[in-house]
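Structure first, commentary second.
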Amino acid sequence: MRVAVAGWTSLWCIALFACGGASGSADSAERSEDTAVLAATRTLTCASLQVESGSIGSGQTVQGLHTQTLSGTQDSWTEYVEFFPGTSATCTYALPADVGAADVVAAEVGINYRGPLKSQMRWLFEAWDYTAGAWVLVGDNTFAQSWRWTATSLALTSPQRFVSGGPVKLRYRTTSTADASLLDLLVVRIQVAASDAGTPTDAGTPDDAGTSSDAGTGTDAGTPVSWEGVQSFTYQLTNYPQGKLDTIADSKFDLAIVELSRDGSDGWFTAAEISALKAKGKQVLAYFEIGAIEEYRPEWPQVPDDLKLGPVAGWPDEQYVKYWDERWWPIVQGRIDQALAAGFTGCYLDMVVTYEEIPANSAGTNRADLARKMVALIARINQYAKARNPAFKVMPQNSPELVDDPAYLPAIDGLGMEDMYWSDDNACDEGWCEENRANAARVRAAGKLVLSTDYAIQAEHVADAYTRSRAAGFVPYVSVRALDRMTVNAGWDPQ
């Protein structure tokens, strides 16, 4: 069993902020009990910043509020906005041209704050309520640590009142003259009513991903499936206690990624076992590979030698395969059938990275063609599964750059990413780390759930991964690379 190692990580620290609206004259927000992040949102950035009183830092611009890049006590003048004592400033956020006010079903504010504690100085976050014709309190800096970047998400309850009369307006202010505060992020995220995302433009041909006569219709693949309530997940592929899923079932995680079989071979998890997990409120994804095969898999004898492309680096018992060859499809189809029969919520597809790791001429073409062939296979999986269960979810792991292919987004319901920020307690700060995060953000911006799995055990690295992932709108999990246990990180995972 192979867990793909990507090696992506860079250092910024993030998280988001959660409360709701109340009367403009009230001292408390309507909602402040959690830091939940909406699962399928579009991000609105501040178009203009109007300072009504006080002042902001010299030379600083609204651009400093658009993305979050700072953590800990980092101080980069052009990457944030400093608000001086006694300041009141308003940001406006226009809805996208293709989104009407009636389309907005949920909204939240994303914040990264550095400054004094609330007990020392209170900073308020307010939103303009078009229905009431007044500013309403959304929250304050209760969540913040003292002069350390702290981020969270803040719910805008009953969002129609904030969008039905014009652009969203947020006001950040204080009446205290005790100190300044800094914001590295102030954005609005909206969740819109589901609509058809289109159909795959290339579901594969007989010589790349097989025929699609059994794969359902294009519209099956183009309808987004909601991921209601997924704000946490766990990921365990081996070492299930007594070969059972009871520990995961008894956990508070919303979603679990588990092996298709309890032993990695043919000890399939049964419909009764998966049903028991779902009865505890869990969504469950079946893990399997689509670009490689291990020697201990029951399908190994069915794979012709000329379909294998050599061992995966670091995994001598695993071989890359010609995933575009029609003879590979029955292996993949069998795994989908097994997941459908067991009642899994969906499938979690590993070794998508095969297209990047095998020689570029493996199919007699080039790397771009190998990418198209991988997208075609994923599209075929999606069509085949949804023709049998329209609610079945398809989530590939890694290779987020496939978002450049127009057939990719309609073929997936979400994306799983490894090593987004930390890889075995090593920070990923190379250029391709940022590229992976940027491409994953594009997938999320398209309304897809993005799960981030980082590998770390040091507390500060765990905290960094959770806060940065949540601030980016992803759903985080941090564990050990072996994925041989269910890790519960105190203070970060539900308990």
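The values are calculated or read from the model by the stated rules, or taken from the named source; none is laboratory data. Predicted model, so just to flag it, every value in this text is computed and none were measured. Here Cβ is always computed from backbone atoms with ideal geometry, including for glycine, and neighbour counts include all displayed protein chains. Please note that ligands, DNA and RNA were not included when accessible areas were found on the heavy atoms of the full protein model with its side chains. Shrake-Rupley method; radii C 1.70, N 1.55, O 1.52, S 1.80 Å.
Which of the helices (runs of 4 or more DSSP H) found entirely inside the range 363-482 contain at least 3 residues meeting this: more than 30 Å from residue 325 (Cβ to Cβ) and charged (D, E, K, R)? Of the helices (runs of 4 or more DSSP H) lying wholly inside the range 363-482, those with at least 3 residues that are more than 30 Å from residue 325 (Cβ to Cβ) and charged (D, E, K, R) span 431-445, 459-471. Might you let me know whether the range 29-42 holds any residue that is modelled with pLDDT of 90 or more and not in a loop (DSSP other than H, G, I, E, B)? No, that holds for no residue. Before we move on, is residue 330 assigned by the TED database to the domain that holds residue 260, surrounded by fewer than 23 Cβ atoms within 10 Å (Cβ to Cβ) and farther than 19 Å from residue 384 by Cβ? For residue 330, the condition - assigned by the TED database to the domain that holds residue 260, surrounded by fewer than 23 Cβ atoms within 10 Å (Cβ to Cβ) and farther than 19 Å from residue 384 by Cβ - is not met.
Within the range 102-146, if we keep just the residues that are touching a residue at least 40 places away in the same chain (Cβ under 8 Å) and basic (Lys, Arg), the residue that is nearest to residue 156 (Cα to Cα) turns out to be 122.
When the residues of the range 106-149 are narrowed to those that are of a type in the set (Val, Ile, Thr) and either within 16 Å of residue 467 (Cα to Cα) or outside the structural domain of residue 188 (by the TED database) (or both), which ends up surrounded by the fewest Cβ atoms within 10 Å (Cβ to Cβ)? Checking each candidate, the answer is 109. Screening the candidates 263, 305, 254 for the property of being out of contact with any helix residue (DSSP H, G or I) (no Cβ under 8 Å at 6 or more places or on another chain) and loosely packed, with under 14 Cβ neighbours inside 10 Å yields one hit, 305. One residue alone among 319, 338 is more than 25 Å from the chain's Cα centre (by Cα), more than 13 Å from residue 292 (Cα to Cα) and either outside any helix (DSSP H, G or I) or touching a residue at least 60 places away in the same chain (Cβ under 8 Å) (or both), and that residue is 338. For the range 57-105, a residue qualifies if it is small (Gly, Ala, Ser), closer than 30 Å to residue 433 by Cβ and either surrounded by 14 or more Cβ atoms within 10 Å (Cβ to Cβ) or in contact with a Phe, Trp or Tyr (Cβ under 7 Å, 6 or more places away or on another chain) (or both), and the qualifying residues are 57, 64, 71, 72.
Among the candidates 441, 391, single out the residue that is among the small types (Gly, Ala, Ser) and farther than 23 Å from residue 356 by Cβ.
Details: 441 fails: farther than 23 Å from residue 356 by Cβ.
Exactly one residue qualifies, and that residue is 391.
Restricting the first member to the range 360-375 and to residues that are among the polar types (S, T, N, Q), and the second to residues that are open to solvent by less than 60 Å² (accessible area, probe 1.4 Å) and not in a helix (DSSP H, G or I), the beta-carbon pairs closer than 8 Å and six or more apart or on different chains are 362/309; 362/322; 366/360.
Filtered by the rule that a residue be among the polar types (S, T, N, Q), outside any loop (DSSP other than H, G, I, E, B) and either under 20 Å from residue 62 (Cα atoms) or at pLDDT 95 or above (or both), the range 161-194 gives a lone residue, 181.
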